[in-house]
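Structure, as structure tokens:
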Amino acid sequence: MQAFPVMIFAAGFGTRMQPLTADRPKPLVEVAGRPLIDHALDLADEIRPPRILSNLHHMADKLERHLAPRGVLLSLERDRILDTGGGLKAALPQLDADTVITLNPDAIWQGPNPLARLLSEWEPARMDALLMCVPPAQAEGHAGLGDFTRDADGRITRGPGLIYGGAQIIKTARLAEIGEEVFSLNRVWDLMQADGRLHAARYPGRWCDVGTPAGVTLAEDMLAHV
């Protein structure tokens, strides 16, 4: 299996998670007795990446104390949050790779490791990014019809059909095409989509969005019913 560095996005304010984030950053909110970021680290550890990195901003000191013993590299966004694209671009010197895995910690997966599934379906000759997506019927805590429409070859465009689950493999070269310091990875995805090189894998298990306190309950119920 190929090995790519993993970046966990952990810089956000967690506004929707109030009041649970009154005294801690969202990645330290617990689901089933463990912080969200530890669930994410378990997924990353299972694929044995060469490096794991997390970006930090809000309550960075608390996350730093939690992550340092795990050997996680840290990309501190000291002055402002750089969003997903800007955060990944700023972390590239530490990630030291032209292809990386990114993971959002505010989701719980029940089923096969989504990062291992991505690696098993990654075809760099025809893909610039491979997003792990979830059919709405297999998702908890997420309203709407989905983010992407997938064709028979796995290419995706904006539209209903599949929910982006917060895990992907992405080539980093096109980050250089965005001149701003703060930007979303959606802008890079749009460039890849225009070239027919944005793809999705379908997750076969269940998935829960843990963006609100209600999502914590949904995730714990999901995990309790294996």
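The values are calculated or read from the model by the stated rules, or taken from the named source; none is laboratory data. Remember, it's a predicted structure, so these values are computed and weren't measured experimentally. Every residue, glycine among them, receives a Cβ derived from its backbone with ideal geometry; neighbour counts consider all protein chains shown. Just the protein is used for accessible areas: all its heavy atoms, side chains included, with ligands, DNA and RNA removed. Shrake-Rupley method; radii C 1.70, N 1.55, O 1.52, S 1.80 Å.
Quick rundown of the values:
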| quantity | calculated |
| --- | --- |
| Matching residues, the stretch 1-45, being open to solvent by 40 Å² or more (accessible area, probe 1.4 Å) and more than 18 Å from ASP209 (Cβ to Cβ) | MET1, GLN2, ALA3, PRO19, ALA22, ASP23, ARG24, GLY33, ASP42, ASP45 |
| Residue among LEU41, LEU36, LEU20 that alone is in contact with a Gly (Cβ under 9 Å, 6 or more places away or on another chain) and either more than 14 Å from MET7 (Cβ to Cβ) or modelled with pLDDT of 95 or more (or both) | LEU20 |
| The stretch 62-82, residues that are assigned to a helix (DSSP H, G or I) and touching a helix residue (DSSP H, G or I) at 6+ places or on another chain (Cβ under 8 Å) | LYS62, LEU63, HIS66, LEU67, ARG70 |
| Test: residue in the stretch 69-80 that is within 16 Å of GLN168 (Cβ to Cβ) and small (Gly, Ala, Ser) | no |
| Single match in LEU145, LEU119 (criterion: outside any helix (DSSP H, G or I) and open to solvent by 10 Å² or more (accessible area, probe 1.4 Å)) | LEU145 |
| Selection from the stretch 171-226 of residues that are within 19 Å of the chain's Cα centre (by Cα), farther than 30 Å from ASP96 by Cβ and among the hydroxyl-bearing types (Ser, Thr, Tyr) | THR212 |
| Filter pass, PRO124 being closer than 22 Å to VAL210 by Cα and either modelled with pLDDT of 95 or more or in a strand (DSSP E or B) (or both) | no |
| Qualifying positions in the stretch 48-61 - under 23 Å from ASP209 (Cβ atoms) and surrounded by fewer than 20 Cβ atoms within 10 Å (Cβ to Cβ) | HIS58, MET59 |
| Matching residues in the stretch 188-217 - criterion: being open to solvent by 10 Å² or more (accessible area, probe 1.4 Å), under 21 Å from PRO124 (Cβ atoms) and in contact (Cβ under 8 Å) with a residue 40 or more places away in the chain | TRP189, ASP195, GLY196, ARG197, ARG202 |
| Any hit, the stretch 143-164, residues being under 25 Å from HIS57 (Cβ atoms) and touching a residue at least 60 places away in the same chain (Cβ under 8 Å) | no |
| Test result for GLN138, free of Cβ contacts under 8 Å to residues at least 60 places away in the same chain, open to solvent by 10 Å² or more (accessible area, probe 1.4 Å) and not small (Gly, Ala, Ser) | no |
